[in-house]
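The values are calculated or read from the model by the stated rules, or taken from the named source; none is laboratory data. Computed from a prediction, not measured in an experiment: that's the story for all the values here. Cβ sites come from the backbone with ideal geometry, for glycine too, and all protein chains shown count toward neighbours. Calculation scope for accessible area: heavy atoms of the full protein, side chains included, ligands and nucleic acids excluded. Shrake-Rupley method; radii C 1.70, N 1.55, O 1.52, S 1.80 Å.
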Amino acid sequence: MNIDTVKLVYFSPTGTTRKILNGISDGFCAGSIEQIDLTLPTADTLAPADIQKELVIFGVPVYEGRVSKTAIARLQQFKGNKTPAVIVVMYGNRDYEDALLELNDLTREMGFLPIAGAAFVGEHSFANANRPLANGRPDAKDMQAAKEFGSKIQAKMKDMAAIDESCAITPPGNIPYIEHDGTHMKTMAATTLVENCILCGSCATVCPVGAICVEDAVTTDITACILCNACVKNCLNGARVVDDPMANKIANWVSRNFQARRDPVTFI
Ligand SMILES: Cc1cc2nc3c(=O)[nH]c(=O)nc-3n(C[C@H](O)[C@H](O)[C@H](O)COP(=O)(O)O)c2cc1C
Ligand code: SF4
Ligand code: SF4
């Protein structure tokens with residue numbers, strides 16, 4: 001089977017998922033690559049899209065061992081018709097738990113057939129220089145692995161006579177998926193250190209849920225914030241922080257306990 005067009009469909013607040021998907025498509029050597037970035041609020045109202053004849057590579061970050069809920073809502077606007085897909089979850093070196101299985105099930109419900117899948121590691125959203133976790137990842141080794149995975153997908157597709165269940169993958173995970181009690185995170189949100197802020201507005205432009213308003217001051221809708229840390233990592237003045245006792249406790253705990261390097265795993 002020869003498919004020359006690849007669509008990269010991703011939600012990627014801090015950019016690591018986007019980077020890995022591009023590495024995979026480099027290895028696939030597609031003739032044409034289309035990027036469908038679902039990160040910003042404009043992606044809430046896409047025209048419903050049927051994707052039939054391309055290979056779609058879906059990528060999402062892992063939040064609490066599962067697929068980010070914002071990503072799920074945006075992905076569900078796409079429909080396939082036994083369209084071949086590759087599913088990728090990106091996690092911060094702790095664990096991806098049931099996220100790959102959840103993305104597999106979700107994309108199948110949407111009409112796609114995942115023929116390959118992977119869990120890659122990216123710098124943890126909560127990490128910084130003081131509490132590092134996978135800082136700088138995906139690094140050169142990860143990008144090489146992404147490229148090799150892309151070549152393997154290309155080879156698998158060449159050998160496939162048709163898209164059917166014999167091409168499907170079976171990712172690991174629990175049924176039912178493990179539910180984490182996220183109540184401790186509900187009261188947490190990014191805030192602004194007024195003394196450092198120059199009201200440049202960058203934080204508002206990268207917020208996936210439109211939670212930030214910059215006028216005479218920066219205000220944040222704490223009920224909307226999904227703690228993605230895009231604003232924190234994009235503020236060049238160090239004025240955006242997620243800084244409350246519970247947030248610090250969680251960030252310090254993951255940084256302390258999950259330093260051993262985890263390498264990408266692929267299913268093909
Ligand atoms: C709210 C939240 C929950 C997270 N939960 C996990 C987790 O359960 N396991 C893990 O290893 N990383 C976790 N992460 C880290 C992200 O999965 C990781 O940093 C990913 O690379 C971010 O992708 P992006 O750069 O495309 O936004 C979490 C991040 C956030 C913001
Ligand atoms: S990006 Fe930083 S400096 Fe700019 S408005 Fe936001 S908080 Fe202020
Ligand atoms: S305000 Fe919350 S949701 Fe918006 S970019 Fe910052 S951390 Fe992410």
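Here are a few things to note about the model shown:
- Across the range 232-244, the qualifying residues are those that are open to solvent by less than 70 Å² (accessible area, probe 1.4 Å) and without any contact (Cβ under 8 Å) to a residue 40 or more places away in the chain, and the one among them that is nearest to the chain's Cα centre (by Cα) is N234.
- Summed over the range 58-109, the residues that are of a type in the set (K, R), farther than 20 Å from I175 by Cβ and assigned to a strand (DSSP E or B) give a count of 1.
- Taking the range 191-237 as the range and being of a type in the set (S, T, N, Q), out of contact with any Cys (no Cβ under 7 Å at 6 or more places or on another chain), more than 16 Å from ligand 1 (Cβ to nearest atom) and closer than 16 Å to L40 by Cα as the test, no residue passes.
- Residue pairs whose Cβ atoms lie under 9 Å apart, sitting 6 or more positions apart in sequence or on different chains, and linking a residue in the range 38-56 that is touching a residue at least 40 places away in the same chain (Cβ under 8 Å) and part of a loop (DSSP other than H, G, I, E, B) to a partner that is loosely packed, with under 10 Cβ neighbours inside 10 Å and of a type outside the set (V, I, T), are E54/S32.
- Some residue of the range 197-207 being within 17 Å of E123 (Cβ to Cβ), outside the structural domain of Y63 (by TED's automatic domain parsing) and either surrounded by 12 or more Cβ atoms within 10 Å (Cβ to Cβ) or away from ligand 3 (no atom under 13 Å from the Cβ) (or both): yes
- Failed condition for S166, given (1) open to solvent by 70 Å² or more (accessible area, probe 1.4 Å); (2) touching a strand residue (DSSP E or B) at 6+ places or on another chain (Cβ under 8 Å): (2)
- Residue, surrounded by the most Cβ atoms within 10 Å (Cβ to Cβ), within the range 212-223, restricted to residues that are modelled with pLDDT of 95 or more and in a loop (DSSP other than H, G, I, E, B): D221
- Beta carbons closer than 7 Å, at least 6 apart along the sequence or on distinct chains, pair a first residue in the range 106-118 that is without any contact (Cβ under 8 Å) to a residue 60 or more places away in the chain with a second that is crowded, with 24+ Cβ neighbours inside 10 Å and aromatic (F, W, Y) for T107/F58.
- Filter pass, E97 being buried (at least 23 other Cβ atoms within 10 Å of the Cβ), modelled with pLDDT of 95 or more and of a type in the set (D, E): no
- Hits in the range 135-161 - residues which are touching a Ser or Thr at 6+ places or on another chain (Cβ under 9 Å) and in a loop (DSSP other than H, G, I, E, B): R137, P138, M160
- Taken together, the criteria exclude A247 from residues that are of a type in the set (G, A, S) and open to solvent by 50 Å² or more (accessible area, probe 1.4 Å).
- Among residues of the range 11-57 being within 16 Å of ligand 3 (Cβ to nearest atom) and touching a Phe, Trp or Tyr at 6+ places or on another chain (Cβ under 7 Å), the one that is most open to solvent (accessible area, probe 1.4 Å) is R18.
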